[in-house]
1. Considering only DSSP beta bridges with both partners in the stretch 223-347, what is the antiparallel share in %, to the nearest 5?
2. Over its Cα atoms, what ratio of radius of gyration to 2.2 N^0.38 Å does the stretch 147-210 give?
3. Would you tally the net charge around T207, using a Cβ to Cβ cut-off of less than 10 Å, leaving T207 out, and scoring K and R as +1, D and E as -1?
4. Efficiency by 1/(1 + (r/R0)^6): what FRET value for I47 and V75, r their Cβ-Cβ distance, R0 = 56 Å, to the nearest 0.05?
5. For E57 and V171 in the same chain, what is the full-extension length gain: residue separation times 0.36 nm, less their Cα-Cα distance, in nm?
6. State the antiparallel share, in %, of DSSP beta bridges confined to the stretch 147-210, rounding to the nearest 5.
7. Can you check how the C-alpha radius of gyration of the stretch 94-187 compares to 2.2 N^0.38 Å, as a plain ratio?
8. Report the FRET efficiency, 1/(1 + (r/R0)^6), for Q107 and T137, where r is their Cβ-Cβ distance and R0 is 25 Å, rounded to 0.05.
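Only the coordinates and a few stated rules stand behind these numbers; no lab work does. Note that the structure is a prediction, hence the values are computed from the model and not measured. In this analysis, Cβ positions are derived from the backbone assuming ideal geometry, glycine residues included, and neighbour counts consider all displayed protein chains.
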Amino acid sequence: MTRAAEPPALRDDLEAVCVPSAQLTQPDRCAPGGPGTYAAELASAFIPKDIAPLPAERLPRPEKVLDLTYARVTVPEAPVFATPEEAAAGTVARTLGTGFVFVNLTQSVQAGELTLYRTRAGQYIRAGDVAPVEPSTWQGLALTARPERPFGWMVKTVRPSALPGSPTPKVGQRRFRGELIEVFGAVRAGAWEWYLVGPGQWVEQRTVSVVQLNPPPEGVTGRWVQVNLFEQNMVAYEGSQPVYATLISSGLDKWATEPGLFQVYARVPAGKMSGAYAPDKSDYYFLEAVPWVMYFDGDRALHGQYWHDALGYKRSHGCVNLAPLDARWLYEWSSKGTYVWVYDPSQEVKAEAEASANTAEGP
């Protein structure tokens, strides 16, 4: 979301409301509002004749996203066994609970006619009780210079509209989820910004994740990380220079990722995560070998994930989920003590609006 600039103070000699033609031809006579504003913003949005390429590059990709193999446990209270022989005999060591449960499979074992997998914990689970999963192949971009224009990614596949706020056409070119876009103009139509992402192609801001570049927070030097909770993206910086950008998934509203300035205080190449916050434990989760974990705020961490492909949307219990390739890049680039600035521009706008309203109302 691109924050609107502060409107200039109204002058007594301005027309309170201008028609579109006056807004376009005599903008100095018109207040920043009214029916002409849409027309003026639309007229200012255009695609340059000569477009410099985005100063970014895709990094080399390994053959495998992760070296480990994972599976979702599909049976409630799935039993695990201490040995293949005990599995064949039906002697249960424990159960894995009911909920969002994933295990790291390390070995396939045959016990008579029973096929088992050995898990990272050294126990055995029946092959029929799990479903192997493939981790997200998503990867962000390395930036070689500061981009001239805002950029980002589509987070939803849509057919762009011909004008901001106009209905989505039923036929025509699509812009696909995950597609890289540049923003050539922005017009507010209704409650949302609309972005010009191609010739005659306008998309509503909820269908994209736009990267916002910022200076380092006060007192921060060297390498640091910016997490945008509204846009659901992350930027890594070296001083003022952005060097990497990608999509994330932060905490759902029930388990929100908290804004603030933090530092990475612990790093784990692969670690177990589990827990439940709801009184009835309906949100129970158990995740083996979570890759590339960087703790920065209590139990909250930047880390890779292998259990969903919903990057660009909130999804977690408070951590900042990254695609495995992005998490590995960040883990190798960062270190203990790296600053992590988590912010929510939508809350800033809301706070400014509330402060303005309180000032107007008086004590």
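1. On the way: 28 of 37 bridges.
Within the stretch 223-347, antiparallel bridges account for around 75 percent of the total.
2. On the way: Rg = 10.6 Å, N = 64, 2.2 N^0.38 = 10.7 Å.
Normalised by 2.2 N^0.38 Å, the Cα Rg of the stretch 147-210 equals 0.99.
3. Details: positive: K156, R175, R177, R206; negative: E204.
Local charge sum for T207: +3.
4. Numbers: r = 54 Å, r/R0 = 0.96.
Between I47 and V75 the formula returns 0.55.
5. Details: separation 114, 0.36 × 114 = 41.04 nm, distance 3.21 nm.
Here the answer is 37.8 nm.
6. Working: 17 of 17 bridges.
Percent antiparallel among DSSP bridges in the stretch 147-210 is about 100.
7. Values: Rg = 23.3 Å, N = 94, 2.2 N^0.38 = 12.4 Å.
Computed over Cα atoms of the stretch 94-187, the ratio equals 1.88.
8. Values: r = 25 Å, r/R0 = 0.99.
The computed FRET efficiency comes out at 0.50.
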